[in-house]
Amino acid sequence: MRSDLTPDPSDLTPGSHKLWGGRFAGGPAPELEAVNRSITVDLRLWPFDIQLSKAWASGLGAAGVLRPDEVTAIREGLDRVGQRIADGEQPIQSDEDVHTFVDRLLHQEAGEPAGRLHTGRSRNDQVATGARLWTLDALAKLDAELKTLLQVLIDQAESQIDAIMPAYTHLQRAQPVSAAHWLLSHVWALGRDRDRLAAARRTASVLPLGSGAIAGSAFAVPREMLRAELGFERISPNSIDAVGDRDFIADTLYAITMLGVHCSRLAEDLILYGSSEFGFVRFGDAYSTGSSMMPQKRNPDALELARGAGGRTIGDLVALLATVKGLPSGYNKDLQEDKRILFQAVDLMGLLLPAVAGSVATLRFDRARMRAAVTGGLMATDLADYLVRKRVTFRDAHGSVGRLVREAEEAGVELWDLPLERFQAAHAEFSADILEELKPEKSLSHREIPGGTGLEAVKAQLRAARASIG
Ligand code: ARG
């Protein structure tokens, strides 16, 4: 707390550059400054703050607020500011946020015209615009990283198209499938995440600039011109909505959350299949870590982190929704939290996606182990289907095959090791061709239905997956 009431506005302290303060007798308490200061978080908006400020300068020129020479001075000054920040110029203590930082440097670079730039705009429409531009850029980068992961998965699927493995329900061996079919199952889920990123892009692609603090700018800045210069698809139709709307962040976080959830499921499959108990895959050296104690360990850390990170992305989505829920309309300072949450989630994904892609690319598949896990019991459904093809009802067939499964279990043998007589005793429709029917390859060949695991169906699926990633 300040111990005296002497007016000491911090905009009078050397080097300080506040965007507000005239109406206060004293400067803000250090405790307020500390909690209010967002530059450590929002500094990374600077390229977009500069971009939108240049557009705004031109807009003010078109509205007759700035003379052409002033527009030029500001635009060129902003370019120099960008160069200085790119070269490493750091904010000073009194720079409350990125907008203040850029504005302070602009005053140094452009002189008097700089003091005219903030005409008709507010940090409310400014930050909403900058955050949208940042989000559009981040969504494009995430999409490119996700596309790489999909490519890697599809390449691995192609290499395993004729490998047969068990598919699991309830994590119990269920039916034989092509290993490519399993890998592609993750491709479709992650492909839907690309659709969600694209949907977030559409919500983000709306220009708030021109909304001012809440009521719209009092100067006739052509917003269509701003939209075109900044590359937005649309302009916001309501200034009150525009400055308080963070749907684009919620949509981005939801897309990221689903992506995190899907990465966690892929990671879990791989971690499980890489265990000695399964042994279907082996993790590449470059994506395995050792243990400080147990020399034999080969740990899939990147995948475990991907599995764990799903939890953090869910937390980020909930944090944003909880911040926005119940806010009065328009801008409220609570919204400053949005960027911390958004950046955290995007940064996390930016780390995870390449690590997951690398883990997948360097996997080696043990076809023999996968094939060996396709035990006789997995053919039970095919046996029942065999009887159905002979006009037995599925109910009766299920009962007969169930008895055979029990017999094999009691005898400690695989289903296909039972003698033909046992099959015939279980149902009169079983004949010698049953041995052929008990081959896992045969099971796959019955499933050429679109979306099924038949070899031709999987090849078609592979082509569709490649086409879908563009
Ligand atoms: N740093 C602020 C934010 O991130 C910028 C907007 C400030 N607006 C205001 N009315 N104080 O939300």
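Brief remarks on what is shown
- For segment 406-465, a tally of residues being under 19 Å from GLN175 (Cβ atoms) and among the small types (Gly, Ala, Ser) returns 7.
- Of all residues in segment 453-470, those that are crowded, with 16+ Cβ neighbours inside 10 Å and touching a residue at least 40 places away in the same chain (Cβ under 8 Å) total 8.
- Test: residue in segment 334-341 that is part of a helix (DSSP H, G or I), more than 16 Å from the ligand (Cβ to nearest atom) and at pLDDT 95 or above: no
- Residue in segment 309-330 that is in a helix (DSSP H, G or I), modelled with pLDDT under 95, crowded, with 20+ Cβ neighbours inside 10 Å and among the small types (Gly, Ala, Ser) present: yes
Residues are listed down the side, and each one gets a yes or a no for (1) open to solvent by 10 Å² or more (accessible area, probe 1.4 Å); (2) within 16 Å of the ligand (Cβ to nearest atom); (3) touching a His at 6+ places or on another chain (Cβ under 8 Å); (4) not aliphatic (A, V, I, L, M):
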position	(1), (2), (3), (4)
PRO166	no, no, no, yes
SER178	no, no, no, yes
HIS181	yes, no, no, yes
VAL187	no, no, no, no
LEU197	no, no, no, no
SER217	yes, yes, no, yes
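- Answer residue from segment 28-60, given it is among the hydroxyl-bearing types (Ser, Thr, Tyr) and within 16 Å of the ligand (Cβ to nearest atom) and is surrounded by the fewest Cβ atoms within 10 Å (Cβ to Cβ) among those: THR40
- Residue pairs whose Cβ atoms lie under 6 Å apart, sitting 6 or more positions apart in sequence or on different chains, and linking a residue in segment 333-355 that is closer than 12 Å to THR323 by Cα to a partner that is in a helix (DSSP H, G or I) and of a type in the set (D, E, K, R), are LYS339/ASP42; ILE341/ASP316.
- Residue match in segment 255-278 (condition: more than 30 Å from LEU150 (Cα to Cα), open to solvent by less than 80 Å² (accessible area, probe 1.4 Å) and outside any loop (DSSP other than H, G, I, E, B)): no
- With respect to (1) within 16 Å of the ligand (Cβ to nearest atom); (2) crowded, with 22+ Cβ neighbours inside 10 Å; (3) assigned to a loop (DSSP other than H, G, I, E, B), the lone exception for GLY130 is condition (3).
- Filter pass, ASP97 being acidic (Asp, Glu) and either within 16 Å of the ligand (Cβ to nearest atom) or touching a Lys or Arg at 6+ places or on another chain (Cβ under 8 Å) (or both): yes
- Residue in segment 347-357 that is open to solvent by 60 Å² or more (accessible area, probe 1.4 Å), within 13 Å of the ligand (Cβ to nearest atom) and over 30 Å from SER178 (Cβ atoms) present: no
- Residue that is free of Cβ contacts under 8 Å to residues at least 24 places away in the same chain and of a type in the set (A, V, I, L, M, F, W, C), where the choices are ALA62, ALA86, ALA114: ALA86
- Of the helices (runs of 4 or more DSSP H) lying entirely inside segment 358-447, those containing at least 2 residues that are out of contact with any Asp or Glu (no Cβ under 8 Å at 6 or more places or on another chain), farther than 30 Å from LEU149 by Cβ and not aromatic (Phe, Trp, Tyr) are 380-389, 394-411, 420-426, 434-437, 440-445.
- Selection within segment 80-94: residues that are charged (D, E, K, R) and touching an Asp or Glu at 6+ places or on another chain (Cβ under 9 Å). The member of this set that is nearest to GLY115 (Cα to Cα) is ARG80.
The values are calculated or read from the model by the stated rules, or taken from the named source; none is laboratory data. This one's a predicted model, so the numbers in the text were calculated from it and none came from an experiment. All Cβ positions, even for glycine, are placed from backbone atoms using ideal geometry, and neighbour counts span all protein chains on display. What goes into the accessible areas is simple: the full protein's heavy atoms, side chains included, and nothing from ligands, DNA or RNA. Shrake-Rupley method; radii C 1.70, N 1.55, O 1.52, S 1.80 Å.
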